[in-house]
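The values are calculated or read from the model by the stated rules, or taken from the named source; none is laboratory data. What you are looking at is a predicted structure, and each value in this text was computed from that prediction instead of being measured. Ideal geometry is used to build each Cβ from the backbone, glycine not excepted, and the neighbour counts take in all protein chains shown.
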Amino acid sequence: MTTPAHHTPPENPRRNIPWVTTTYFAEGLPYMIVRILSGVFFTQLGVKERYLGYLNYLGLPWNIKFLWAPLVDGWGTKRGWQIALQGILAVLTGVVALLSHFAASAEGGAYLELIAGVFVLMAIVAATNDIAIDGYYLEAIPKREDQALLSGYRVLAYRMSMVFARSGLVAFAAWAMSSATAGTAYHAWALAFSVGAGVLATLAVGHVFLLPRVGTPVGDVESQFAKAKRVFVEGFVTYLAQPKVSLVLAFIVLYKMGDELLFSMVTPFMLRELKITGEQYAWIAGIVGAAGTIIGAMWGGYLIKKMGLRKAMWPLTIAMNLNIWLYVWLSVAKPDPSTFSGISLIATIHGIEQIAAGLGSAALLVFLLTTCSQQYKATHYAVGSAIMSIPGTLVGGQAGAIVEAIGYTNLYILAFVAALPGMALIPFVPMREE
């Protein structure tokens, strides 16, 4: 008589949901603090447009983070990396809060320069935190079907961090500013950044207990670097060896140039030019904007799947770029945000523009994926993403100076003009449908 075999029940991938959601919330929140809250903060403190434009340069570490990804791969564990980095981000956000408090008595002064310097450091640390989180996710969940199953939770957690920062923290700062809680904008933002620091600290400590231990520390760092360097060089060379590479690169660089210029100064435009309040900005940018981006990306993906990339590219691109004229109209008409009709118009146009941007982003993302070979997919995507994003970041960094020279209306007209070269390349760029 044989003893029946005992089968080990398959692991349930859904048990990973708690740490997947908390890690991707911890990925999105620092990005939002550095890239979005910094702009609202400096705008409300009266910093000149020229310097507000320079804040777009804070996006560069995310654009080029693939350059130091081998360091995270080749040293220590990704679990240890993200716990340490999230702790550092909590401390740096706390430093911003402290400096904001001190800046109140000095009416800004050198403290604002110090805060800007801390944001630069935060950008580098936060981009590295992204590398650690994404790498850990792939290590801890090695099966592709499980990764796909949990991808929705990743996206949801990241979007929730955006809403928390852009709506929650901005609204909290606006409430503190209008109440007896804080005497000045500096004090109000000191409180808001303190809340952000507390959340990041809680996440860092929580991940000590929540994150499963996967992988082992890498011993031979030199061989890891050598391997990563070889893969990167081979990947870069093969990416540049694809057919019509000059056209492909030009298209990737130029496709969203108009959109990049449009959104580079949207926060000071809404707060200063349109004179919306902090509370209004919180729900327009946070809720309406986030919903518009999601709707646009999903709609764009559906249209590409149904029509094919080549056929969908024109309607998606036209929708993205024609909507720039809505902002031209908004900069001329300047609806009164204190009236229901005025704030409704502003919110509607912002939502439509976010949907349009999502449509264009879907088109460019799918095109970018078609330029990646199977053998070097990760490296090709990293290189393509950097080529796509760096020019927009650099141009956006000068948008504040452009506003000071010619105003917002002409900036948006210029944004439409900047969109035309990318559109002109569509008939000539090779587009694979797989």
Can you spot a residue in the range 129-138 that is modelled with pLDDT under 80 and of a type in the set (Phe, Trp, Tyr)? yes
Restricted to the range 253-262 and to residues being within 18 Å of the chain's Cα centre (by Cα) and part of a helix (DSSP H, G or I), the residue surrounded by the most Cβ atoms within 10 Å (Cβ to Cβ) is Leu262
Note: among Ala356, Ala415, Ala382, just one is modelled with pLDDT of 85 or more, surrounded by 21 or more Cβ atoms within 10 Å (Cβ to Cβ) and over 20 Å from Leu274 (Cα atoms), namely Ala356
Counting only residues in the range 323-353 that are in contact (Cβ under 8 Å) with a residue 40 or more places away in the chain and in a loop (DSSP other than H, G, I, E, B), the one surrounded by the most Cβ atoms within 10 Å (Cβ to Cβ) is identified as Pro337
Just one listed residue, out of Thr267, Thr293, is within 21 Å of the chain's Cα centre (by Cα), polar (S, T, N, Q) and within 20 Å of Gly53 (Cα to Cα), and it is Thr267
* Asked: Before we move on, is Ala285 at pLDDT below 90, in contact with a helix residue (DSSP H, G or I) (Cβ under 9 Å, 6 or more places away or on another chain) and of a type in the set (A, V, I, L, M, F, W, C)?
  -> yes
For the range 291-305, pairs from a residue that is more than 8 Å from Leu359 (Cα to Cα) and in contact (Cβ under 8 Å) with a residue 24 or more places away in the chain to a residue that is crowded, with 18+ Cβ neighbours inside 10 Å and polar (S, T, N, Q), with Cβ under 6 Å and 6 or more apart or across chains, are Gly292/Gln354; Thr293/Gln354
When every residue in the range 41-83 that is basic (Lys, Arg) and part of a helix (DSSP H, G or I) is compared, the one surrounded by the fewest Cβ atoms within 10 Å (Cβ to Cβ) is Arg50
Filter the range 47-90 for residues that are at pLDDT 85 or above and of a type in the set (Gly, Ala, Ser); the one that is nearest to Ile124 (Cα to Cα) is Gly59
Residue set Ala116, Ala123, Ala104; condition assigned to a helix (DSSP H, G or I), small (Gly, Ala, Ser) and in contact with a Pro (Cβ under 9 Å, 6 or more places away or on another chain); output residue Ala123
